[in-house]
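Comments concern the structure below.
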Amino acid sequence: METLSTLLEECRARNMAASTIKAYRRTWIQFFAWTTAEGYDVAGLPPAAAKAYAQEALQGRGVSSAMQFHAGMSFLYGHLQAANPFAGMGPGTPLRPPIRPPEAATLAKLLSHLSAARSDYFGHLVYHLALCIGFTGIRRIASLRLCDLRRAEGGLVTHLNVGRWVPCAPAVSETLSEWLSFLESIKGARLRRGDRTALAFIGSPLVFPGKSGSEPSNNSINRRLAAACAAAQISALTTNTLRHAAAAQVLASGKSLKSLQATIGHASLSTTRRYARRLQAQ
């Protein structure tokens, strides 16, 4: 289906998690099959028919599945630029506990210990990644490609998560420039040593390649963060906690929800609104 292919391409362009795309795809395939069998026009689906379909589709499913179903339908009708007949049918779950981003002093201690632990390649990588996540809030920054960065007057610019080229914050531009210089020196050293994985590493399109050139796992990054937190004698921080810190900075600066959505990379503004409420409830 052309509509399904276009929807999936849009999901990938927004850097959605693979699990989310898979769930959306399953939801849309089942929905398109039902509307075709029943003879309904997707863009003009009557609310009564939508309600009946949602009740049948969500029977026996939990709150999380229901929220994902409604998020998928919201994305679909946003793409079609049509009224969403499923609007207002959400599971109505209560607000989850407040999000508590780390204090500035705690974050500074973590970065200080990560900086001191740069005795190997991965130590350097995690230090620069943590800085980038803490300032940008981008979930999938480990997926950042070299082609997603350009040098411009005043520093680096990127279009990751926002669909257009925008300046990096000075701290992000500085740490990325430092990292890229280090990366080039490592590439040269590995090529001279003739490592087995050197060619894959050197040819990797990623800004932050793992030792074999592939994307480093979130678990491996979080293990390094946990070790640094233990050494600094602070509560454990993860990549997700660093995202919260970046989001809190956006809200504290008085910027709009749209700005927060662009920072965090949510597909839906309603998701960002719930996220902001949890941040502000602390």
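Quick check: anything in region 2-9 over 13 Å from Ala57 (Cβ atoms), surrounded by 13 or more Cβ atoms within 10 Å (Cβ to Cβ), under 29 Å from the mean Cα position of the chain (by Cα) and of a type in the set (Asp, Glu)?
Checked region 2-9: no residue is over 13 Å from Ala57 (Cβ atoms), surrounded by 13 or more Cβ atoms within 10 Å (Cβ to Cβ), under 29 Å from the mean Cα position of the chain (by Cα) and of a type in the set (Asp, Glu).
Please find, among Ser217, Ser212, Ser270, the residue that is within 24 Å of Leu111 (Cβ to Cβ) and in the same structural domain as Ala117 (by TED's automatic domain parsing).
Step by step, each of Ser217, Ser212, Ser270 is checked, and only Ser217 is within 24 Å of Leu111 (Cβ to Cβ) and in the same structural domain as Ala117 (by TED's automatic domain parsing).
Matching residues to (1) under 22 Å from Cys11 (Cα atoms); (2) small (Gly, Ala, Ser); (3) touching a residue at least 40 places away in the same chain (Cβ under 8 Å):
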site	(1), (2), (3)
Ala198	no, yes, no
Lys211	no, no, yes
Asn219	no, no, no
Ala232	no, yes, yes
Leu257	yes, no, no
Thr272	yes, no, no
Arg277	no, no, yes
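Conditions: (1) crowded, with 18+ Cβ neighbours inside 10 Å; (2) touching a residue at least 12 places away in the same chain (Cβ under 8 Å). Asn84 meets all but one. Number of the miss?
It fails just one condition, (2).
So, in region 130-174, of the ones that are touching a Phe, Trp or Tyr at 6+ places or on another chain (Cβ under 6 Å) and at pLDDT 80 or above, which residue ends up surrounded by the fewest Cβ atoms within 10 Å (Cβ to Cβ)?
Ala171
Here is a list of conditions, (1) loosely packed, with under 11 Cβ neighbours inside 10 Å; (2) over 28 Å from Thr263 (Cα atoms), and Ala13 meets all of them except one; can you say which number that is?
(2)
Looking only at region 117-148, count how many residues are closer than 26 Å to Glu103 by Cβ and in a helix (DSSP H, G or I).
16
What's the number of the condition Lys51 fails, among (1) crowded, with 16+ Cβ neighbours inside 10 Å; (2) in contact (Cβ under 8 Å) with a residue 24 or more places away in the chain; (3) not acidic (Asp, Glu)?
(1)
The values are calculated or read from the model by the stated rules, or taken from the named source; none is laboratory data. None of the values given here were measured: they were computed from a predicted structure. Cβ coordinates were reconstructed from backbone atoms using ideal geometry, including for glycine residues, and neighbour counts include every protein chain displayed.
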